[in-house]
Amino acid sequence: MLNLSHYINGQHTQSSQRQHAIYEPATGELRGHVSLASENEVSQAIDVAKEAFKTWSQVTPLNRARVLFKFKALVEQHIDELAQLITQEHGKVLEDAKGELIRGLEVVEFACGIPHLLKGEHTQQVGGGVDAWSVNQPLGVVAGIAPFNFPVMVPMWMFPIAIACGNTFIMKPSEKDPSSVLRMAELLTEAGLPDGVFNVVNGDKEAVDTLLTHADIQAVSFVGSTPIAEYIYSTASAHGKRVQALGGAKNHMLLMPDADLDQAVKALMGAAYGSAGERCMAISVVLAVGDSGDKLIDALLPQINQLKIGNGLTPDMDMGPLVSAQHLQKVRDFVDAGVTEGATLVADGRTLSLKDQQQGYFLGACLFDHVTPEMSIYQQEIFGPVLSIVRVKDYAEALELINKHEFGNGTAIFTQNGEAARHFCHHVEVGMVGVNVPIPVPMAFHSFGGWKRSLFGPLHMHGPDGVRFYTKRKAITARWPKGTSTESAFIMPTMK
Ligand code: NAD
C-alpha cells in the first residue's frame, strides 16, 4: 500500500494529517493513501523555499540550466517507470502517458535556454553620458496547482521555467494521482537541484488556500476546472499575487462539407476519445455544416465499434478507464441527461462490459447526434468519452455558436478551403486554433492558453509568456559623472 506524503527540502516528509485514498481506475483497487497538508505544513514548506531562494536566485542562469539538462536526461532514463505511475493512477494508456511526458520534457528543453531567454534590453546613451537597460529578475517563492488529467505535463508547464528563472517552487498536485510528481521531485534532487528549490505539498482546499493567501507566495499558476480557476484568480489576486488560472473547455470542431472526411474522422477519433476524453483540448462537439453530418456518422460508427478499451497497462489499448468512480457516475449522468433532453444517442458506451475489468471505472465511447445549443451536454464540460454532433446550416452559424460559447480553449476547422480557414483563424474567439489539426496544443516555445472562461489572468503558460510570468522587470538608468554632481531637478526629467 502506498503511503504518500510531501517532498520538502530535498526529502520525503511524514505527516499525520488527514488522508485521501488513491485508487487504480482500471481495477477499482485501493493503491494507498496520500496525506493532505495542513496550513502549518504548507507554511513550513514555504519557509524552506523562501530560504532556498536566497542562494538559488544567485546561481548563474547557465548553471541553473545545467541542472535542467541533467533532469531531462533522468526523466528520459525513467520514462517507462514514470509512465506506469501515470497509467496506474490516472488510467490513460501507457503510450499516451509517455506522450504526456515527452510534451512536458519539451518545456524542460525550452527552459534549458534560460541564459538566452533572460537577456534584457540595453540602450547606450539615452542621454548625454547616460545608459539604460532592463533586467528580468525572479519573483521569489511561486506555487503551482495541478489537475488530475495531466499529472506530469501540467506541472512541467510550470516548474521548469519558474526554477530556471531563479524562483523556488511549491507544487500542489492533484490528490487523485500524486505519485509521478513525487518521483520527479526525487529526480530533480538527483539532477543536482539544491534542496528546497522544488517542493511538493499534497493536499486539498486547506493547502491551496494557504498558498493563495500566504504573504511569501509571489505568484500562483493554476490549471483545473473553471469554478476553481475563478476562485483561485480572485482569491490570490486579492492577496496581491500574480495569477494565471487556466480553466475548463468545450472544444468545437467545425466540419465543412469540403473537408477530407477520412482525415477528419481519424483526427476526431483520437481527439474525442483519447485519454477517455479527459483532456482540456479534447474535441467534444462537432459542428457539422450542411450535409457533412450523415457522412460523418457513417464513417465514425465502425471506428467507434473497433475501439480497444481496457487497462491502460495492457499493450495496444486505445482507451482506458475514467479517473474515479465519482467521475464515471458524473459522465454517465450527462449521457442520461442527453437522452432525456432529446439528443439521439447513436453509440451508447454505457452498455460496455469488460469481463476481466468488472470493478474498473470504464465507459465506452458515446456519440450523440442532433444535439442543440440548449442542451446541458452542449453547454457544459463533460470530460469523458462523449462526442456531440450539432447540425448547422452554414459556416456563419457554426462560427457564431463557437463565439457565443462560455469557453474558448481550443477549436479546429476541417476544410480544404483556404479562404474559410483564414477567415476562421481571424474571427474565432478562441485561444488555440487548429486548421486540419484537431488538438492544436502550442509547442513549448509558444504559449498555451484559452480565452473567455477558459483562462483568468493576462499571461498564458510556458513559452515567452512563461518567462514573463515568472520574472519581474527592472529598468536601470545610469550616469557616471566625472567629478561634478548633477543639479537637483524639480521638473519631469528629460534626457539631453
Ligand atoms: P479541479 O478544478 O477539480 O482540481 C484542480 C486542482 O484544484 C486540484 O489540485 C485540486 O486539489 C484543487 N481544488 C479542487 N477543489 C478545490 C477547492 N474547492 N479549493 C481549492 N482547490 C481546489 O480539476 P480536475 O478535476 O483535477 O481537472 C479537470 C479540469 O481541469 C477540467 O475542467 C479540465 O478542462 C481542466 N483542465 C484545463 C486545462 C487548460 O489548460 N485549460 C488543462 C488541463 C485540465
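Values in this text are rule-based calculations from the coordinates and carry no lab data. Note that the coordinates shown come from a computational prediction; the quantities given were computed from them, not determined experimentally. A quick note on method: Cβ atoms are made from the backbone with ideal geometry, for glycine too, and the neighbour counts reach across all protein chains shown.
Couple of notes before you dig in:
- Other residues within the sphere of radius under 13 Å centred on the Cβ of K496, judged by their own Cβ, net out at 0 (K and R +1, D and E -1).
- Of W56, W480, W451, the sequence from fewest to most neighbouring Cβ atoms within 10 angstrom is W480, W451, W56.
- Cα-Cα separations in the stretch 251-435 greater than 20 Å, expressed as whole percent: 51 percent
- Fraction of antiparallel bridges per DSSP, the stretch 251-435 only, in percent to nearest 5: 10 percent
- Helix screen, the chain: DSSP H segments with Cα axial length of 15 Å or more and mean Kyte-Doolittle hydropathy at least -1.0 are 39-56, 61-77, 79-90, 94-111, 153-164, 179-190, 226-238, 261-273, 292-305, 325-341.
- Among beta bridges that DSSP assigns inside the chain, antiparallel share in %, nearest 5: 40 percent
- Distance (nanometres) between label positions extended 7 Å along Cα→Cβ at T340 and N305: 3.1 nm
- Whole-number percent relative contact order across the chain, with pairs defined as alpha carbons under 8 Å at least 6 apart: 19 percent
- Computed [θ] at 222 nm, deg cm²/dmol, the chain (DSSP H ≥ 4; -39,500 (n - 2.57); rounded to nearest 500): -12000 deg cm²/dmol
- Relative to the 2.2 N^0.38 Å rule of thumb, the chain has a C-alpha radius of gyration ratio of 1.06.
- Within the shell defined by Cβ-Cβ distances under 12 Å, the residues around G192 carry a net charge of +1, with Lys and Arg each +1 and Asp and Glu each -1.
- Taking Lys and Arg as +1 and Asp and Glu as -1, the other residues whose beta-carbon sits under 14 Å from that of K393 total -3.
- Protection-proxy order for peptides 293-306, 67-80, each taking the mean of Cβ atoms within 10 Å per residue, highest first: 67-80, 293-306
- Considering only F169, A245, V433, and ranking their Cα positions along the charge dipole of the chain that arises from unit charges at the beta-carbon of Lys, Arg, Asp and Glu, the one farthest toward the positive end is F169.
- Ranked K482, K54, criterion: other C-beta atoms within 10 Å, fewest first: K482, K54
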